[in-house]
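Visitor: Mind looking over this structure? Questions follow.
The values are calculated or read from the model by the stated rules, or taken from the named source; none is laboratory data. Since the structure is predicted, the reported quantities are computational estimates derived from the model, not experimental observations. Virtual Cβ from ideal backbone geometry, glycine too; neighbours counted across all protein chains shown.
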Amino acid sequence: MLRFSTAGESHGQALLALLSGLPAGLPLDPAFVAHELWRRQQGYGRGGRMKIERDTPEFLSGIRNGSTIGAPVAILIPNHDWQNWHETLSVEAPAGAAARPVSSPRPGHADLAGALKFNFPEARYVLERASARETAARVAAGALAKLLLRALGIEVLSHVVAVGEAALDPDFPVTPDSLRALAARDEILLHCLDPDAEQRMKAEVDQVLRTGDTIGGVFEVRAFGLPPGLGTCANWDERLDGRLAQALMSIQAVKAVEIGAGVASAAARGSLAQDPIGYDPAARRFTRAGNHAGGLEGGITNGQELVLRGFLKPISTLRRPLPSVDFATRQPVKAAYERSDVCVVPAAAVVAEAMAALVLAQAALEKFGGDSLPELQRNYNSYLEQVRAF
Ligand SMILES: Cc1cc2nc3c(=O)[nH]c(=O)nc-3n(C[C@H](O)[C@H](O)[C@H](O)COP(=O)(O)O)c2cc1C
């Protein structure tokens, strides 16, 4: 069972990812993990924080001499900004004069609900943990999940399909090669396949930069090379569609998740919304006339490409802050402002790849098991034989 959790605060010493259940013998590719972390920090519309941080993972456990050893993997990503915060967020001493309270909760953040829940007089500690800085840890762990999937011939990639009103043409071709090339770029603007659409997206970000506003959008994650049969229809909490939706929905600012043509299907006729089944005797395999299902039927992968979309609301922290109330006086004030991004759709796409990879790796290990990579691969290949011989 692959288990994964994170710890760490936005301005604390470091972020931590703990990943247990990886089989032994999976080679680490440190350059790949570093590149994934770099990708998360990019995108037009990121704020000043990403100029301070250059995320460098330290592998504390579970990897020895270049490969996993079947023990829990702990990854530490230091926060360079800690040097500016260690007095405010000291473990031992009270902050006193160095306190930096968040005294007026920001609408759209966890500030108010969290302060009420944890009974804090202001929202500093709530902000610290709710912040999406935590997603660096997700991406580090997700990179290891991707390496595991890669060893099974499965790849998880993404692109941005909309920023504000600017959208990629729905008929624009999306292929594994084009998404691979996008992931390999050494400069990331809006992580869009079409340069024209990307310029329109940039214009949307420029507009909100000018007006002190923020903007959201839509990303798409695709997984290639998946076998049929991951996940199950047996129990509600084991369905892979639900597990993937939860994983993507848990990303800060994601407010809706779509699988395949899910949203448009709600308005379509059943005769047009499904993917008719055929059989190719030469290739001795089943064929599908389309992929409205986005690769999942009944909570089980069907062997088609997995297509997931995440819809991000505009970033909540505004340079022109929204109305709020002072925690102490209860008087109307402007919401607190803390250095902020204005558009994070490309970064969220990278985080979503990581989350999807973690869920898919978990589902693969559930089905095929194995304490070492060769054992997992043997089990996997034997299942593929069974599918071929069906
Ligand atoms: C990669 C990434 C970076 C983010 N950066 C910011 C930011 O700089 N400022 C901000 O207000 N929200 C940012 N967010 C969104 C907030 O973290 C999120 O809206 C907030 O924690 C409340 O959670 P919710 O929107 O999921 O309800 C970011 C989200 C992601 C995925």
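Visitor: SER316 fails exactly one of the following numbered conditions: (1) surrounded by fewer than 22 Cβ atoms within 10 Å (Cβ to Cβ); (2) part of a helix (DSSP H, G or I); (3) under 28 Å from the mean Cα position of the chain (by Cα). What is the number of that condition?
Guide: The number of the failed condition is (2).
Visitor: Give all pairs with beta carbons closer than 8 Å in which a residue from region 326-350 that is farther than 30 Å from ALA145 by Cα meets a residue that is of a type in the set (Asp, Glu) and surrounded by 21 or more Cβ atoms within 10 Å (Cβ to Cβ); count only pairs at least 6 apart in sequence or on separate chains.
Guide: Note: pairs meeting the criteria are ALA336/ASP111.
Visitor: Since ALA93 meets every condition but one in (1) in a loop (DSSP other than H, G, I, E, B); (2) more than 16 Å from the ligand (Cβ to nearest atom); (3) surrounded by 15 or more Cβ atoms within 10 Å (Cβ to Cβ), which condition does it not meet?
Guide: Every listed condition holds for ALA93 apart from (3).
Visitor: Which members of region 223-248 meet the condition of being in a loop (DSSP other than H, G, I, E, B) and in contact with a helix residue (DSSP H, G or I) (Cβ under 6 Å, 6 or more places away or on another chain)?
Guide: Selection gives THR232 alone.
Visitor: Select from region 188-217 the residues that are in contact (Cβ under 8 Å) with a residue 60 or more places away in the chain and assigned to a loop (DSSP other than H, G, I, E, B) and list them in ascending order.
Guide: Of everything in region 188-217, those that are in contact (Cβ under 8 Å) with a residue 60 or more places away in the chain and assigned to a loop (DSSP other than H, G, I, E, B) turn out to be ILE188, LEU189, LEU190, HIS191, GLY212, ASP213, THR214, ILE215, GLY216.
Visitor: Please pick out the residue among SER104, SER158 that is among the polar types (S, T, N, Q), part of a loop (DSSP other than H, G, I, E, B), buried (at least 20 other Cβ atoms within 10 Å of the Cβ) and at pLDDT 95 or above.
Guide: Exactly one residue qualifies, and that residue is SER104.
Visitor: For SER90, which of the numbered conditions (1) closer than 30 Å to ALA328 by Cβ; (2) touching a Gly at 6+ places or on another chain (Cβ under 7 Å); (3) polar (S, T, N, Q) fails to hold?
Guide: (2)
Visitor: OK, next. I'm checking my understanding of the structure. Among residues of region 35-70 that are part of a helix (DSSP H, G or I) and more than 16 Å from GLU134 (Cα to Cα), which one is nearest to the ligand (Cβ to nearest atom)?
Guide: Here the answer is LYS51.
Visitor: Starting from region 121-146, take each residue that is more than 15 Å from VAL359 (Cβ to Cβ) and list its partners that are of a type in the set (Phe, Trp, Tyr) and assigned to a helix (DSSP H, G or I), counting only C-beta distances under 9 angstrom and pairs at least six apart or across chains.
Guide: Final answer for the pair search is TYR125/PHE118; VAL126/PHE118.
Visitor: Quick one: which of GLY164, GLY153 is on the phi > 0 side of the Ramachandran plot and either within 15 Å of the ligand (Cβ to nearest atom) or buried (at least 18 other Cβ atoms within 10 Å of the Cβ) (or both)?
Guide: Sole residue among the options that is on the phi > 0 side of the Ramachandran plot and either within 15 Å of the ligand (Cβ to nearest atom) or buried (at least 18 other Cβ atoms within 10 Å of the Cβ) (or both): GLY164.
Visitor: Given the conditions (1) of a type in the set (Gly, Ala, Ser); (2) surrounded by fewer than 22 Cβ atoms within 10 Å (Cβ to Cβ); (3) in a helix (DSSP H, G or I), and given that ALA141 satisfies all but one, which numbered condition is not satisfied?
Guide: Unmet condition: (2).
Visitor: Anything in region 111-137 that is more than 9 Å from the ligand (Cβ to nearest atom) and not in a helix (DSSP H, G or I)? List them, or say none.
Guide: Answer for region 111-137, where residues must be more than 9 Å from the ligand (Cβ to nearest atom) and not in a helix (DSSP H, G or I): ASN119, PHE120, PRO121, GLU122, ALA123.
Visitor: Could you grab the pairs with beta carbons closer than 6 Å, sequence gap of 6+ or different chains, first residue in region 96-110 and under 15 Å from ARG339 (Cα atoms) and within 10 Å of the ligand (Cβ to nearest atom), second one in a loop (DSSP other than H, G, I, E, B) and not acidic (Asp, Glu)?
Guide: ARG106/SER316; ARG106/THR317; ARG106/ALA335; ARG106/ALA336; HIS109/SER316
Visitor: Looking at (1) out of contact with any helix residue (DSSP H, G or I) (no Cβ under 8 Å at 6 or more places or on another chain); (2) more than 30 Å from GLU366 (Cβ to Cβ); (3) within 13 Å of the ligand (Cβ to nearest atom); (4) of a type outside the set (Lys, Arg), can you tell me which one GLU338 breaks?
Guide: So the condition that GLU338 fails would be (1).
Visitor: Here is a check on your reading of the model: is SER324 away from the ligand (no atom under 13 Å from the Cβ), of a type in the set (S, T, N, Q) and either out of contact with any strand residue (DSSP E or B) (no Cβ under 9 Å at 6 or more places or on another chain) or in a loop (DSSP other than H, G, I, E, B) (or both)?
Guide: no
Visitor: Looking only at region 251-267, count every residue that is surrounded by 13 or more Cβ atoms within 10 Å (Cβ to Cβ) and assigned to a loop (DSSP other than H, G, I, E, B) and tell me the total.
Guide: Matching residues across region 251-267 total 5.
Visitor: Could you list all residues from region 358-376 that are in a helix (DSSP H, G or I), away from the ligand (no atom under 16 Å from the Cβ) and within 26 Å of the chain's Cα centre (by Cα)?
Guide: VAL359, LEU360, ALA361, GLN362, ALA363, ALA364, LEU365, GLU366, LYS367, PHE368, LEU373, LEU376
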